[in-house]
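Participant: First the structure, which I've put down as structure tokens, then a few questions once you've had a look.
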Amino acid sequence: MAVLDGIRVLAALAVLFYHYVVLASAWGRPTSDVFPVARRFAVYGWLGVEVFFLVSGFVICMSAWGRSVGDFAVSRVARLFPAYWTAVVLTSLVLYAWPEVRSITRFTDVVVNLSMLQGGLGVPHIDDAYWTLFVELKFYALFALVVMRGVTYRNCVLFCGVWTLAGAVAPAIDNGVLSFFAIPSSSPYFIAGMAFHLMRRFGPNAVLWAVVGVQYLLAQHYVGDRMASSLGRAAAEQTPSWPAHVVILIAFAVMAALALGALDGIRWRWLRHAGAVTYPLYLIHMMVGLTVIHHFRDRVAPVPLALGTTAGMLLVAWVVHRFVERPLGRRLGAGLRRGIEDIRAGTPARPVLHRVPAQPTAPEAERIPAGGHRA
């Protein structure tokens, strides 16, 4: 669906716009002085992450249909890790060579980041944008329970209901484990995305509209906290929140139109190619881009520098997609699928290089004394 790619492109550019125009770490002075007009719009660019989660709920529910848990895991690993590994290495090299915005303090942090599990271990992200990936992994782990039982309409609706209840209860009972997996501030977007896909596949009904409506209402509750975590508490209190609510409403409306087939006429081929680079772009744009801006801020005017950095990140993202993500993803997926088949068969399909010596038969064993020498 071309519209999904278009939404992903807009979300990725919104996040990039927010990082380059709002964050002062690269410019060395308040960005309200650097971009007095653009900053008023860029302060809401963090909402691109919420849109990503909304799309992710739709896409994961769609792509997992009819798959086993092993197939689901293989597809996610092959999709996420090749570009991610490249981004971690590239970002680490840039921060090591030009520690202007941030420096690499420990090599072990880089190694742990390669696992994508640093968020659960308390290890700093090499790039702050990576925090969303751990949220995605938790969503995949939860949805794997549905895949185990079979991705059906009934199981998906039950999952949406249980997850909604967990997200509503977790903050009240102050349970750390429940809050960790319930992800109350993000789950409304994943759940709504799933409901939109069910509408797309089976048609809308009152139950699915109720699921979407509840998620929209729950999402409003966390807008203030998300603004504070993105902009800082003081800046968030001085920034109107109503545009964020409007953007969320528009995002839900566009996904509803997509679910109902109202946007099926949009089939621009370039959207597919543009959508393909959004994931690498998201992974590499922040710390690498901010370092480039910091390095050249005294030699290039702000607007050309921001636009040039954006163009450069788009080019690097395309290179990563074309020469790393696609070929390595295919090879990684093929290797993992062979491994899954071996697990299903109960034994590796290929010959073992180093075989375990066969144990002696009972009569022969009797002739071998405890010292290990034959009689």
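The values are calculated or read from the model by the stated rules, or taken from the named source; none is laboratory data. Treat the numbers as computed from the prediction; the structure is a model and nothing was measured. All Cβ positions, glycine included, derive from the backbone under ideal geometry; neighbour counts span all protein chains shown.
Participant: Kindly indicate the residue of segment 139-181 that is modelled with pLDDT under 95 and touching a Lys or Arg at 6+ places or on another chain (Cβ under 9 Å) and also farthest from D225 (Cα to Cα) among those meeting that condition.
Facilitator: Selected residue: F181.
Participant: While we're here: Looking at V49, V101, V74 in this structure, which one is closer than 18 Å to H125 by Cβ, more than 13 Å from the chain's Cα centre (by Cα) and surrounded by 19 or more Cβ atoms within 10 Å (Cβ to Cβ)?
Facilitator: So the residue among V49, V101, V74 that is closer than 18 Å to H125 by Cβ, more than 13 Å from the chain's Cα centre (by Cα) and surrounded by 19 or more Cβ atoms within 10 Å (Cβ to Cβ) is V101.
Participant: Among the residues of segment 94-109, which ones are under 25 Å from F180 (Cβ atoms) and either β-branched (V, I, T) or touching a strand residue (DSSP E or B) at 6+ places or on another chain (Cβ under 8 Å) (or both)?
Facilitator: Hit for segment 94-109 is T108, nothing else.
Participant: Is it the case that S185 is in a helix (DSSP H, G or I), among the polar types (S, T, N, Q) and touching a helix residue (DSSP H, G or I) at 6+ places or on another chain (Cβ under 9 Å)?
Facilitator: no
Participant: From A83, A12, which residue is in contact with an Asp or Glu (Cβ under 7 Å, 6 or more places away or on another chain), in contact (Cβ under 8 Å) with a residue 60 or more places away in the chain, within 22 Å of R322 (Cβ to Cβ) and crowded, with 22+ Cβ neighbours inside 10 Å?
Facilitator: Just one listed residue meets the conditions, A83.
Participant: Considering only segment 164-182, state which residues are surrounded by 22 or more Cβ atoms within 10 Å (Cβ to Cβ) and in contact (Cβ under 8 Å) with a residue 24 or more places away in the chain.
Facilitator: Scanning segment 164-182 gives a single hit, G167.
Participant: OK, next. Have a look at A262, A306, A301 and point out the one that is out of contact with any His (no Cβ under 9 Å at 6 or more places or on another chain), of a type outside the set (K, R) and surrounded by 17 or more Cβ atoms within 10 Å (Cβ to Cβ).
Facilitator: A306
Participant: Right, next: Can you name the helices (runs of 4 or more DSSP H) wholly within segment 223-269 that have at least 1 residues being closer than 30 Å to M62 by Cβ and touching a Gly at 6+ places or on another chain (Cβ under 8 Å)?
Facilitator: In segment 223-269, the matching helices (runs of 4 or more DSSP H) lie at 242-259.
Quick grid of which residues meet (1) within 20 Å of the chain's Cα centre (by Cα); (2) surrounded by fewer than 19 Cβ atoms within 10 Å (Cβ to Cβ); (3) part of a helix (DSSP H, G or I):
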residue: G57; (1), (2), (3): yes, no, yes
residue: V111; (1), (2), (3): yes, yes, yes
residue: W131; (1), (2), (3): yes, yes, yes
residue: A144; (1), (2), (3): yes, yes, yes
residue: M148; (1), (2), (3): no, yes, yes
